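Heads up: the structure comes next, in structure tokens.
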Amino acid sequence: RVLDAAKRNNQTGHFLWVGSDSWGSKISPVIGQERVAEGAITILPKRASVDAFDRYFRSRSLSNNRRNVWFAEFWEENFNCRLGMHGKRPGVLKKCTGETQH
């Protein structure tokens, strides 16, 4: 939307754009705005999988990850379920079983 606003206001070439990793890996943020975005600097951090972390993360469950205060919310979001009456997803009726795997 920012690029579109610059285009509508005839500001092509007026700004120096610094884009996030989304700009560096996808064309969709600039489709139709190519002239406005011309010369932009985009940042794409190097990404790599860490096998040991992936194994650790996949081993986490509701029963063995109580100290992470955000894990229950992640679990509800990831498995589209609700953890009891105080769950963070009020519109979801499916109860989380804790048995679901990643």
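Observations on the model:
- Here the chain has 53 percent of its accessible surface on carbon and sulfur atoms, given a 1.4 Å probe and all protein chains in place.
- Dividing the helix sum by the residues of the chain, where each DSSP H run of 4 or more adds -39500 (n - 2.57), gives a mean residue ellipticity at 222 nm of -8000 deg cm²/dmol.
- Over the chain, relative contact order from alpha-carbon pairs under 8 Å, at least 6 apart, %: 18
- For the chain, a simple Cβ point-charge model (Lys and Arg +1, Asp and Glu -1, everything else neutral) yields a dipole of about 340 debye relative to the Cα centre.
- Peptides 45-57, 72-84, 11-23 ranked from most to least packed, by the mean per-residue count of other Cβ atoms within 10 Å: 72-84, 11-23, 45-57.
- Cβ-based net charge around residue 49, under 13 Å, with every Lys or Arg adding one and every Asp or Glu removing one: +2
- The stretch 1-60, relative contact order [Cα under 8 Å, separation at least 6], %: 37
- In Å, descending, principal axis extents of the Cα set of the stretch 30-83: 53, 29, 16
- When the Cα atoms of the chain are aligned to their principal axes, the ranges along those axes come out at 56, 36, 20 Å in descending order.
- Accessible area in square angstrom per residue, the chain, 1.4 angstrom probe: 81
- Of all aspartates and glutamates in the structure, those lying under 15 Å Cα to Cα from residue 46, and not within fewer than 8 positions of it along the same chain, are 21.
The values are calculated or read from the model by the stated rules, or taken from the named source; none is laboratory data. This one's a predicted model, so the numbers in the text were calculated from it and none came from an experiment. Neighbour counts run over all protein chains shown; Cβ positions are idealised from the backbone, glycine included. Note: accessible area is taken over every heavy atom of the protein model, side chains too, but ligands, DNA and RNA are not part of it. Shrake-Rupley method; radii C 1.70, N 1.55, O 1.52, S 1.80 Å.
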